[in-house]
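See structure below.
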């Protein structure tokens, strides 16, 4: 309880003036980056990979000309990045804050690779393809190199309502742990804008095997 109150007081202090929130976020990201680069990935991150892959297979695998939108892409672009290990597509990574951490991203995908040998984890997927991409990810030195290799584009927009993005353009919009950060006053507009970004298409024929394609 004492720790909770001390944390609450610290957060209140960081909201006392306009530069303080940016200072708080910068300090938190600096400390957090070191922890994420060397620590263990939370187990629910791997559960999200299984869930996202299962959903894509259920409604039809992503294709090379599909455009995926990840909302609130955070430190490591986890949703789009892990799907990209198994499917070919292009993606827009949309966020309102600069939180990217390349060392943490590499650590997270290495720990995901270590799960490939576990029985029942992403059963039936093309792990050779995923491992090949992970080796390439480990070799990049900048996010621009990563995006060029994967066909991703990073968009930073403090407005948060995706008004800079093309309508009727995205096959999938995917997000995790973002809705709780959206102000209640703008939530209806946020949801409406997401819907306007999506292409209206019929169902695809689901496949039960990951496609193998050139990297």
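Got at least one residue in the range 58-73 being touching a residue at least 24 places away in the same chain (Cβ under 8 Å), in the same structural domain as residue 147 (by TED's automatic domain parsing), over 26 Å from residue 161 (Cβ atoms) and within 11 Å of the chain's Cα centre (by Cα)?
no
Among the numbered conditions (1) closer than 25 Å to residue 165 by Cβ; (2) modelled with pLDDT of 95 or more; (3) out of contact with any helix residue (DSSP H, G or I) (no Cβ under 6 Å at 6 or more places or on another chain), tell me where residue 43 comes up short.
(1)
Restricting attention to the range 76-106, which residues are assigned to a loop (DSSP other than H, G, I, E, B), buried (at least 19 other Cβ atoms within 10 Å of the Cβ) and without any contact (Cβ under 8 Å) to a residue 60 or more places away in the chain?
76, 85, 100
The values are calculated or read from the model by the stated rules, or taken from the named source; none is laboratory data. As the structure is a computational prediction, the values presented were derived from the model and not from experiment. Here the Cβ is made from the backbone with ideal geometry for all residues, glycine too, and neighbour counts use every protein chain on show.
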